[in-house]
Every structure is written in structure tokens, then in C-alpha cells.
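The values are calculated or read from the model by the stated rules, or taken from the named source; none is laboratory data. Source: prediction; values computed, not measured. Note that each Cβ is placed from the backbone with ideal geometry, even for glycine, and that neighbours are counted across all protein chains shown. Heads up: the accessible areas ignore ligands, DNA and RNA and are worked out on the full protein's heavy atoms, side chains in. Shrake-Rupley method; radii C 1.70, N 1.55, O 1.52, S 1.80 Å.
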Amino acid sequence: MNLKNLGDLLAVFAPLSFLTVGGGQSIVSDIHRQSVAVHAWMSDGEFLDLFALSRITPGPGSLLVTLVGWQVAGLAGAVVASAAIFLPCSVLVYGLAHLWSRYKHTAWIRAVEAGLVPVAAGMILAASGTVLRAAEGGAWAWSVAAVSTLALMFTRMNPFLMLALGGAFFWLVLA
Amino acid sequence: MQNQESETTPDTRPALAAIFTAFAKIGLTSFGGGLSGWMMREFVLRRAWITEEEFLSGLALAQSFPGVNVVNLAIWIGFRLRGGAGAAMGALGIVVPPMVVAIGLAALFSQVRDSHALHVVLAGVAAAAVGLSLQTGIRAARRAARQAVPLVVMTITFVALFLLRLPLLWVVGAMAPLSIGIAWLRLRRTEASA
């Protein structure tokens, strides 16, 4: 077992645990940057495989981190990476749960709520762009992403069906 | 406002094991995101464990503070049901069973990873999944774009992360306090003029 890898996983994901504002989507761009560019744990293609796997896995989308950990250091890596992403913020939020129920209507809570919305919006949009930039299939990938965005915004379509259709479409066109 | 602090401790509080099982069920049966919607259906409408108002307040906490949203929400609901132990059961229930599934899938995947067809299919899944996050991003962007300052904050955040590829920690570390500070000043001004 490579202790340095486990240490790296911890050092990468524990800080990200506190940055998951506005949904797990927001940290995908940094998970990509750390995994491919900074630590060279995997290629763009391998990252994309893991991202797709994390989408068809039930449960929180942040399980992408579990898969990255698995890729880097097997079972121990998966466990360490998961603990790093889920534990620190959980402890923080547990403390905040006490405060929140007491102060929920006060000005500073509303300022935090309002102030984080545009930051989260920028993070989520950047994450979407990052995945598309890493995506194979070029214009096909951008088209599928656009169609699925529109379908989700304007229909009551089941998101999981959307993912299956995306996979089936690529298989027909590119395989 | 203050007396809305409704203390909804149900007479028959669910057992810790029941809390774990309920969250495990949500974790294992919800695909493709949108877990908070599933949780609202399960805990507010079906089981009536907490009120809708309490749920929405917890959702705001989960979304505006750092951390994995759905895990935060599970901690909040568990906390309101049975304190610290309930919070732990909620978090473990929503994370651990899906994690076991994810590891199983990853192990299976490493056996077939050289298949070109599988790789192409996964690329299609990834492209479609971008729709899930873009939908959320566009909704948040529409809220942010109503006023000039949030629009600028959003644009700087996007450019710094996507085009300049700066580390998330720096970008959020700079933009979040700035944006919260501006929101605070604006709230004070509207309240002073009201």
C-alpha cells in the first residue's frame, strides 16, 4: 500500500470538502484539475469514465471521489478519499445545525445565503464546461449536453433515462 | 418571525435503525442527482417525520453552507429527529450503502476497461449528465443575474475557474467573503431605508 498516495488523496479532498457549495457539481472542475493535471493520477479519458460511472451509481454524486480514490490506491484509497470528502464538512454542518435553527431569520444568515448564490452559479457553470472540455466526441458531446439540458428544463423526464439515452446515442454514432 | 420556531418532535420518534434504513433506501434508489427532491417526498410527504417548513430551512442550510448538500440535509433531518445519534445515522445511511455499490462497480469496471464500446457509451453518459448540472447552473445563474453585482461575481468566478483554470480554493476563498460582504451591506441598506 502506498502511503504517499493515501496522504495525497487526503490532502486533495479534505479541503474540497468545505468547498462543495451549491451541490457536488461545483467541485468537479477541481477534482479534474487535481487528478489529471496536478497529480497525474489519470488521463482525461479515464477521468471521464469515472465521472460517467459516478452518475449511473445511485446516491450522492460526490461518490466520484470514491471512484478516484479507488483508481489511485484501491480499496484503501476509496475509503480514505470518501472519508476526506464527507467527514470534515459533516462535522462542520452538525455544529451549524444548532446555530441555524436559532438564528435562521437574522441578517447575517440571509447575507450568507444571498452572497453564496452567484459564487455557486459560477462554480456549477465552470464544472459543466470542464466536463465538456474533457469529453470525447467533440460537437456530439456538446449537442447531447445541450439537448439533455433543454429536456430536463422543459420536460418532466427522468434524469436516469436521460443518461441512458446519452450512452445509447454515443454507442450508435461513435462505437 | 421568532415564534415560527416550531419544535416538531414527533410523539413517536423513529428508532435509530429506522433512520439509517430510510436514508439508505433514498441513497440506493435515487439516480442522476435530485436527491433532495426524493428526500422531501419521503420524509415530509410519505413519513411525515418533519414539517415542510423545517425541511426547507434545512435545505437552505445544506445549500448555503459548505459540504455535500444531500449529506448536510441528511445530517439536519437526523439531527431534528434524534439529535447527534440521528445525525450520524442519516449521514451514514445516505453515504455508506451507495459507496459500497460504487466500489463494486469500479471493481467490475476495471475488468472491462479496455473495451472501446464501453468507453464510448460512458462518454455519452457523461455528456448527458452535464445536462443535470447545467440545468442547476442555469437556474442559479438566473437568480444571480437579476442584479449587477451578483452577475459580476458569477462571471468572475466562472472565468477564473473555467478559462484561467485557477484552483477552486483560491477562487472561492476570495469570491465568497467578498460576495457575502456585499450582500450584507445591501441588506443593511434596504433595512435602513425600509
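Among the numbered criteria (1) surrounded by 16 or more Cβ atoms within 10 Å (Cβ to Cβ); (2) more than 17 Å from the chain's Cα centre (by Cα); (3) within 7 Å of chain B (Cβ to nearest Cβ), which one does A:C89 miss?
Going through the list (1) surrounded by 16 or more Cβ atoms within 10 Å (Cβ to Cβ); (2) more than 17 Å from the chain's Cα centre (by Cα); (3) within 7 Å of chain B (Cβ to nearest Cβ), A:C89 breaks only (2).
Tally the residues that are polar (S, T, N, Q) and open to solvent by 90 Å² or more (accessible area, probe 1.4 Å), restricting the search to the stretch B:148-194. Quick ask: steps written out before the conclusion?
Taking the stretch B:148-194 and keeping what is polar (S, T, N, Q), we get B:155, B:157, B:179, B:190, B:193.
Of the ones still in play, those that are also open to solvent by 90 Å² or more (accessible area, probe 1.4 Å) are B:193.
Total meeting the criteria: 1.
Filter the stretch A:26-56 for residues that are modelled with pLDDT under 90, crowded, with 24+ Cβ neighbours inside 10 Å and over 20 Å from A:L87 (Cα atoms) and give the result.
Scanning the stretch A:26-56 gives A:S29, A:A52, A:R55.
Let me spell it out: the conditions are (1) at the interface with chain A (Cβ under 7 Å from one of its Cβ atoms); (2) open to solvent by 10 Å² or more (accessible area, probe 1.4 Å); (3) of a type in the set (G, A, S); (4) closer than 30 Å to A:A37 by Cα, and B:S57 meets all of them except one. Which number is the exception?
Tallying (1) at the interface with chain A (Cβ under 7 Å from one of its Cβ atoms); (2) open to solvent by 10 Å² or more (accessible area, probe 1.4 Å); (3) of a type in the set (G, A, S); (4) closer than 30 Å to A:A37 by Cα, B:S57 fails exactly one: (4).
Residue under question is A:V112, and the condition is that it be crowded, with 24+ Cβ neighbours inside 10 Å and either more than 17 Å from the chain's Cα centre (by Cα) or facing chain B (nearest Cβ under 7 Å) (or both); does it hold?
no
Only one of A:G77, A:G69 is buried (at least 18 other Cβ atoms within 10 Å of the Cβ) and under 15 Å from the mean Cα position of the chain (by Cα). Can you tell me which?
A:G69
Hey, does the stretch B:98-110 have a residue that's within 7 Å of chain A (Cβ to nearest Cβ) and out of contact with any Ser or Thr (no Cβ under 9 Å at 6 or more places or on another chain)?
Yes, because at least one residue in the stretch B:98-110 is within 7 Å of chain A (Cβ to nearest Cβ) and out of contact with any Ser or Thr (no Cβ under 9 Å at 6 or more places or on another chain).
B:R139 is checked against (1) over 20 Å from the mean Cα position of the chain (by Cα); (2) surrounded by fewer than 15 Cβ atoms within 10 Å (Cβ to Cβ) and fails just one. What number does that condition carry?
(1)
Among the residues of the stretch A:31-46, which ones are outside any helix (DSSP H, G or I) and in contact (Cβ under 8 Å) with a residue 12 or more places away in the chain?
Going through the stretch A:31-46, the residues outside any helix (DSSP H, G or I) turn out to be A:39-43.
If the condition is that a residue be outside any helix (DSSP H, G or I) and in contact (Cβ under 8 Å) with a residue 12 or more places away in the chain, then A:H39, A:W41, A:M42 are the ones that fit.
Six or more apart or on different chains, Cβ under 7 Å: which pairs go from a residue in the stretch A:47-64 that's over 16 Å from B:V112 (Cβ atoms) to one that's of a type in the set (F, W, Y) and surrounded by 24 or more Cβ atoms within 10 Å (Cβ to Cβ)? Could you list them?
A:L64/A:F51
Return yes or no: is B:L134 more than 7 Å from every other protein chain (Cβ to nearest Cβ) and either surrounded by fewer than 16 Cβ atoms within 10 Å (Cβ to Cβ) or within 22 Å of the chain's Cα centre (by Cα) (or both)?
Judged against the criteria, B:L134 is not a match.
From the list A:L125, A:L96, A:L163, which one is within 7 Å of chain B (Cβ to nearest Cβ) and either modelled with pLDDT under 80 or under 19 Å from B:A141 (Cβ atoms) (or both)?
Numbers: A:L96 fails: either modelled with pLDDT under 80 or under 19 Å from B:A141 (Cβ atoms) (or both); A:L163 fails: either modelled with pLDDT under 80 or under 19 Å from B:A141 (Cβ atoms) (or both).
The unique qualifying residue is A:L125.
Where residues in the stretch B:14-40 are part of a loop (DSSP other than H, G, I, E, B) and modelled with pLDDT of 85 or more, which of them is farthest from B:E53 (Cα to Cα)? Explain how you work it out, then say what you get.
Of the residues in the stretch B:14-40, the ones part of a loop (DSSP other than H, G, I, E, B) are B:14-15, B:30-34.
Remaining after also requiring modelled with pLDDT of 85 or more: B:14-15.
On the way: B:P14: 19, B:A15: 23 Å.
Out of the qualifying residues, it is B:A15.
Within the stretch B:117-124, identify whether any single residue is open to solvent by 10 Å² or more (accessible area, probe 1.4 Å), modelled with pLDDT under 85 and more than 8 Å from chain A (Cβ to nearest Cβ), and answer yes or no.
Taking every residue of the stretch B:117-124 in turn, none turns out to be open to solvent by 10 Å² or more (accessible area, probe 1.4 Å), modelled with pLDDT under 85 and more than 8 Å from chain A (Cβ to nearest Cβ).
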